[in-house]
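Single-structure report; data block below.
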Amino acid sequence: MRLVRRLMIAVAVVLCGVPLAFAGQAASDQARSRDALIIWHRLVLELVRHTATYSPPVASRAFAYLGVTAFEALATGSDGLHSLAGQLNGLTPVPARETGQAYDSAVVVQAAMAHAAANLFGNTGPTGQRALKAMARKAGTEAATGVPEDVVRRSEDHGRAVAEHILAWAATDGGAVIENMGFPLEYKLTDGPAHWVPTNLIRQQQVPLLPDWGRTRSFAMPDGAACGLPPPPAYSEAANSQFYREALEVRDTVNNLTDEQRAIARFWSDDPMLSPTPPGHWISIAIDALEKEDADLPTSAETLARLGVTLADAFIGCWHSKFEHDLVRPLTYIRRVIDPKWEAILNTPPFPEYPSGHSTQSGAAATVLTAIFGPSYSFQDGTHEADGLPVRSYPSFWAAAEEAGISRLYGGIHFRSAIERGLDQGRCIGAYANALRTRN
Amino acid sequence: MRLPGTFLVVVLALGCAAAQAFEVSVPRYVEETATSGIEHSYTGEWEFMVGGGVATFDCDGDRMPDMLLSGGTSAAKFYRNTSTAGGALAFVAETSGLELDMVSGAYPLDVDSDGATDLVLLRVGENVVMRGLGGCRFERANEAIGFDGGDAWSTALAATWERGAQFPTIAIGNYIDRTQDAFPWGSCTDNWLHRPVAQEHRFAPPLPLKPSFCALSMLFTDWNRSGTPSLRVSNDREYYKGGQEQLWRVEAGQPPSLYGPADGWKPLKIWGMGIASGDLDGDGYPEYFLTSMADNKLQTLAAKPEAGAPKASFADVAFARGVTAHRPYTGGEVKPSTAWHAQFEDVNNDGLADLFVAKGNVSDMPDFAMKDPNNLLLQKPDGTFEEAGEAAGVASFETGRGAALADFNLDGRVDLVVVNRNGKAQIWRNDDAGPGNWIGFEVRQPAPNVDAVGAWVEVRCGGHTTRREVTVGGGHAGGQHGWIHFGLGAEPKAEVRVLWPDGSQGDWQPVEAGRFYTLIRGEQPRGWKPYRKG
């Protein structure tokens with residue numbers, strides 16, 4: 001089912017006042033909480049697409065904070081969930097629930113998510129603001145149905161307090177303020193043919209996106225350098241060099257794409273402002289899996305928290321490496337050295353090449369999701385069905401991650417080394433998220 | 001240092017295509033909003049975050065552009081032009097029959113070819129064709145001409161006369177499904193193509209143009225000079241799923257079909273909001289300026305074969321020619337701009353088309369500039385453009401939407417009106433004191449299509465030819481009907497000819513600078529002088 005259609009149906013159900021979890025049945029507290037968790041993530045997938053500052057790194061940050069918000073809001077009322085405070089860099093314990101007082105977890109998580117989303121997307125446009133308010137109003141009413149008024153009030157206050165705590169933590173990570181859609185007003189390019197230069201004629205993108213993102217505070221891994229990479233193959237224009245051979249591979253592959261390779265490149269393109277972005281793509285995959293498995297609330301909460309955290313860490317680690325090595329893109333090299341008229345089939349992103357961001361974050365996501373759902377979890381991915389791209393099927397999360405990686409070579413925007421080492425980097429980063437303790 | 005109204009280098013040499021004649025000259029615009037009699041705001045919230053078009057046209061026979069300003073939740077407002085030639089801009093609000101509410105835009109067009117300009121009102125709700133009765137009176141004509149006004153959020157219009165038709169073909173661009181106000185993404189509604197019933201003076205039921213992607217501007221234009229205009233559609237990527245910019249092949253008697261990869265068409269996905277067209281490089285093919293958020297686009301044909309038809313491939317030359325207009329150039333904000341109406345006109349009469357762009361934040365979008373000045377980009381002899389909005393005096397920080405450049409006081413200098421969202425409309429008189437000459441034309445032919453929509457007017461002097469396509473559409477939610485303006489630089493005379501919509505070519509005819517002419521098919525140019533003088 002299409003993502004947008006599913007979200008619209010979910011919104012419609014909320015608007016009609018029908019319980020989200022099991023229409024016609026009394027939903028359990030856990031099911032209502034899980035549905036509140038998921039419906040807000042679905043709305044955020046759309047907001048990411050329609051908020052101009054939400055490039056992939058920024059989107060990954062929002063998914064991390066939303067996942068942690070929901071997890072911590074639930075953990076304060078659960079004997080089974082173990083807080084991430086003290087495990088994630090800089091996160092202190094969130095406010096506790098009052099002893100002896102009744103709370104409704106669905107109301108708590110709904111209020112927490114509504115408050116966090118409204119703040120993280122305070123800069124979205126008028127349509128997004130309308131959607132946020134409509135969702136908060138209607139989903140709030142739905143969550144509170146049948147719950148005593150004093151419990152609702154107490155639960156909403158607690159949810160907002162948890163969200164406030166997380167937002168205050170978020171405000172100190174160095175990534176909270178995005179100016180000019182992430183493109184610095186001044187930036188000095190690195191001299192020399194090995195280094196990145198602009199690849200398009202968009203005036204705003206004559207400097208790279210978010211050059212300091214690798215220095216923002218990481219979540220589960222120690223810092224952006226924790227999963228550093230060896231240098232890329234040495235730059236050379238010699239025909240017998242590895243660098244030249246990798247460029248030739250990109251040129252020849254793109255020039256002789258099969259229909260399947262072209263479809264793969266388009267499927268994982270995940271362009272900002274035209275899709276939920278690469279991290280949103282993996283959130284979409286995870287939500288589908290949670291719904292397919294009818295996962296319980298703890299599993300849903302820890303999945304979205306771990307996944308959000310590792311996606312954010314992946315972009316921090318990847319960006320750290322990108323600006324450490326500052327490598328030229330295939331488009332620039334191939335046109336300069338091999339074929340002046342060569343065209344990639346995807347738009348080359350406006351930042352350095354090595355490693356491939358999609359590969360790093362897909363490797364990290366696959367590492368986390370494999371740990372939760374298993375190494376042979378097959379699934380269908382309909383993330384882009386509403387945009388006219390057919391559903392694709394995968395035998396495992398790693399199969400999807402590897403396809404996401406190689407899609408960048410098919411698209412003509414990455415060399416093979418950036419893909420393979422990006423996946424390696426993702427494995428390393430994902431392990432930090434997997435090491436988080438989430439259960440008591 | 002450049003002084004407004006003063007040419008830096010005045011080389012009064014050869015030719016109207018002043019590539020060799022002039023350096024850039026900055027015109028002086030004087031805001032006359034307070035004294036002009038114009039007092040109007042385009043109001044409304046979500047359903048009027050787009051639109052705000054202005055239509056300029058003459059409805060009382062004095063050939064001075066009157067205007068209708070769309071009003072959103074307020075009633076649209078008609079202003080009769082009472083200016084004198086060369087004098088201050090003066091308008092009087094009058095009841096015309098056009099004062100409908102929920103109007104997002106308006107385009108003038110002589111639908112029934114009776115010589116009295118009609119208007120199509122784009123609305124959030126039913127669109128309405130208003131038939132011109134003369135004397136600036138209008139009446140609803142939907143039922144009389146079989147026009148189905150629908151019930152959509154309409155935001156764009158383009159019109160053409162298909163070969164052999166007695167009535168125009170009107171394309172209407174529709175935006176979001178407004179019933180999906182809480183979750184509108186992916187809810188773009190169908191654009192409609194209103195074609196006439198064969199050989200009759202009425203429209204057939206509208207044809208949906210599927211797929212539709214939330215159009216904010218449309219233009220019928222003969223991009224490949226085939227003699228049959230195609231329909232360019234600029235779409236807002238904020239709301240579509242799987243969409244892109246579009247080019248429809250619209251041939252008489254055939255269902256519309258989209259240009260695609262096999263035709264050379266390359267996907268372009270922008271926040272498309274407005275279209276301006278003009279042959280900037282003199283090669284006979286129009287360039288297209290597409291407004292958006294952050295970078296805007298200037299498209300030119302990617303390849304122009306010496307023989308045969310060009311492919312529908314366009315290259316973006318906005319960066320190279322200095323018209324990305326991506327960020328405010330004054331006011332201190334560094335966030336990206338939001339662009340709406342765009343229009344090419346020669347505002348300094350140096351023979352080179354200049355570009356005006358209306359700017360304004362959508363609505364409380366903090367990632368984009370709130371103080372976003374309109375652009376006035378002056379073309380230089382080398383084909384690049386230079387920003388002169390502030391120097392010329394048109395750098396308003398109001399929230400611009402629609403606009404029109406027209407010579408309101410018939411002094412040969414192009415004036416400017418801008419509609420602002422939830423703010424007062426503004427009007428500027430072009431008080432340029434530069435030496436550039438000019439000439440103005442209106443084009444007429446027997447019915448149908450008395451205004452020769454689809455014709456090309458060519459002006460030749462000094463060994464150069466400049467040309468303009470007669471179109472209905474483009475801009476943002478509003479169009480202009482009236483004098484077609486050419487700057488001539490230092491040249492005191494020129495030649496003009498018309499390439500008529502049916503493909504026939506008029507003869508080159510001598511004309512003199514500083515005058516208005518009516519070009520009637522098969523006749524000598526008829527000179528005309530404004531009779532209301534100050």
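Where a number appears in this text, it was derived from the coordinates with a stated rule and is not lab data. The structure presented is a predicted model; accordingly, all values stated were derived computationally and were not measured. When we count neighbours, we look across all protein chains shown, and the Cβ atoms used for this are built from the backbone with ideal geometry, even at glycine.
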Practice prompt. Output the DSSP H helices from chain A with an along-axis C-alpha extent of no less than 15 Å and a mean Kyte-Doolittle hydropathy no less than 1.6.
Written response: A:3-16
Fill in: Inter-chain shielding of A:127-133 (mean C-beta neighbours from other protein chains, 10 Å cut-off)
5
Practice prompt. Using DSSP, restrict attention to beta bridges with both residues in the protein assembly as shown and report what percent are antiparallel, rounded to the nearest 5.
Written response: 90
Worksheet, complete the sentence: For peptide B:93-100, the mean count of other chain Cβ atoms within 10 Å per residue Cβ is 0
Worksheet entry | For q = 0.16 Å⁻¹, Debye-computed log10 I/I(0) when each Cα of region A:287-387 counts as one equal scatterer | -0.85
Fill in: Distance violations [Cα-Cα > 23 Å] among A:Lys341/B:Lys304; B:Lys241/B:Lys297; B:Lys311/B:Lys380; A:Lys133/B:Lys359; B:Lys241/B:Lys304; B:Lys269/B:Lys335
B:Lys311/B:Lys380; A:Lys133/B:Lys359; B:Lys241/B:Lys304
Worksheet item: Counting only Cα, what are the radius of gyration and maximum Cα-Cα distance Dmax of chain A, in Å?
Response: 21.8, 75
Practice prompt. Mind giving me the nanometre distance, one decimal, between the label points for B:Arg163 and B:Thr179, set 7 Å out from Cα along Cα→Cβ?
Written response: 4.1
Discussion item. Test of understanding: what is the full-extension gain from A:Glu260 to A:Val197, defined as 0.36 nm times their sequence separation minus their Cα-Cα distance?
Written reply: 19.6 nm
Discussion item. If the elastic network links every pair of Cα atoms under 10 Å, which of A:Leu66, A:Leu346, A:Leu257 fluctuates the most in the Gaussian network model of chain A?
Written reply: A:Leu257
Worksheet item: Rounded if a/c is under 1.5, else prolate if a/b beats b/c, else oblate: with a ≥ b ≥ c from the C-alpha gyration tensor eigenvalues square-rooted, which is region A:83-238?
Response: prolate
Discussion item. Test of the criteria: in region A:24-127, which GluC sites (Glu not before Pro) are in a DSSP loop and have at most 12 other Cβ atoms within 10 angstrom of their Cβ?
Written reply: A:Glu98
Worksheet item: Under 15 Å from a point 7 Å along the Cα-to-Cβ line of B:Asp60: which residues of region B:117-135 have their amide N that close?
Response: B:133-135
Item to complete: Rounded to the nearest Å, what's the spacing between the alpha carbon centres of region B:332-403 and region B:220-235? Just the number, please.
Response: 25
Discussion item. Whole angstrom only: what separates the Cα centroid of region A:366-416 from the Cα centroid of region A:257-310?
Written reply: 8
Worksheet item: So if R0 is 35 Å, what FRET efficiency would B:Arg444 and B:Asp281 give, r being the distance between their Cβ atoms, rounded to the nearest 0.05?
Response: 0.75
Worksheet, complete the sentence: Long-range alpha-carbon pairs in region A:118-188, meaning those over 20 Å apart, account in percent for 51
Fill in: Kirkwood hydrodynamic radius over Cα pairs of region A:184-434, then Stokes diffusion coefficient at 20 °C and 1.002 mPa s, in µm²/s
116
Response to the item:
Diffusion coefficient in µm²/s returned for the protein assembly as shown by Stokes-Einstein, Kirkwood Rh over C-alpha pairs, 37 °C and 0.692 mPa s, is 110
Discussion item. In Å and on Cα atoms, what radius of gyration and Dmax does chain B show?
Written reply: 21.0, 61
